[in-house]
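The values are calculated or read from the model by the stated rules, or taken from the named source; none is laboratory data. Model, not experiment: these values are computed from the prediction. All Cβ positions, glycine included, derive from the backbone under ideal geometry; neighbour counts span all protein chains shown. For accessibility, only protein heavy atoms count, side chains too; no ligands or nucleic acids. Shrake-Rupley method; radii C 1.70, N 1.55, O 1.52, S 1.80 Å.
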Amino acid sequence: MRAKRSTLVHLIYFSRLNLAADAATRTRQIGEITRQAQKKNEFSVITSFLLIEQNFAAQVIEGERASVSETFARISNDSRHRDVQIVEWREILKREFVNSFTTGIRSQVNDAIFQKANLLPMFQRGTPKGIAIHALAATLQAESMTKQGIDHLFV
């Protein structure tokens, strides 16, 4: 007997960002991305985690197959991204991320976590691994939840 196919998938991609060099404008642009994505993801019942390191982005997107496809198509056509590449696309049994859109930007606060993940050399070569991107996003989510006093997820 064949297992039932899931319509729930996750997609991991990475891209190079076309954002401003000055910090204030870049922060405003990332804020715009966050606001727009959060609204669209909530409407499409998407959960996701966006990682930003220097001028690179990587994101885990979870949801129904059609919604994930539409979301990725929108990202691929967004002028703020270039060289968008799918790293992993697979069926999943359940969601692992809790928010419609969360952003993890490398900063002094989380530098040790980003450093341990060591994604920057992979981004620079254009060869990031899905498992490494996913692990960093999951670690940053867990750290954020712990800071909020949430010690267990029922997803």
> So, of the residues in the stretch 42-74 that are of a type in the set (Ser, Thr, Tyr) and more than 23 Å from Ser144 (Cβ to Cβ), which turns out to be least open to solvent (accessible area, probe 1.4 Å)?
Replying inline: Ser67
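Just checking, does the stretch 51-61 include any residue being over 23 Å from Ala112 (Cα atoms), touching a His at 6+ places or on another chain (Cβ under 8 Å) and not aromatic (Phe, Trp, Tyr)?
Taking the stretch 51-61 first, the residues over 23 Å from Ala112 (Cα atoms) are 61.
From the residues that got through so far, the ones that are touching a His at 6+ places or on another chain (Cβ under 8 Å) too are 61.
Of the ones still in play, those that are also not aromatic (Phe, Trp, Tyr) are 61.
Yes, the conditions are met somewhere in the stretch 51-61.
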> From Ile133, Ile86, Ile113, which residue is closer than 23 Å to Ala23 by Cβ, among the β-branched types (Val, Ile, Thr) and either touching a residue at least 12 places away in the same chain (Cβ under 8 Å) or not in a loop (DSSP other than H, G, I, E, B) (or both)?
Replying inline: Ile113
> Hey, among the residues in the stretch 16-72 that are more than 16 Å from Ser100 (Cβ to Cβ) and hydroxyl-bearing (Ser, Thr, Tyr), which one's farthest from the chain's Cα centre (by Cα)?
Replying inline: Thr25
> In the stretch 89-105, what count of residues is obtained for those that are under 19 Å from Phe72 (Cα atoms) and among the basic types (Lys, Arg)?
Replying inline: 2
>> Glu91 - would you say it is over 24 Å from Leu19 (Cα atoms), in contact with a strand residue (DSSP E or B) (Cβ under 7 Å, 6 or more places away or on another chain) and surrounded by 16 or more Cβ atoms within 10 Å (Cβ to Cβ)?
In response: no
> What number of residues within the stretch 99-110 satisfy the criterion of being within 12 Å of Val60 (Cβ to Cβ) and in a loop (DSSP other than H, G, I, E, B)?
Replying inline: 2
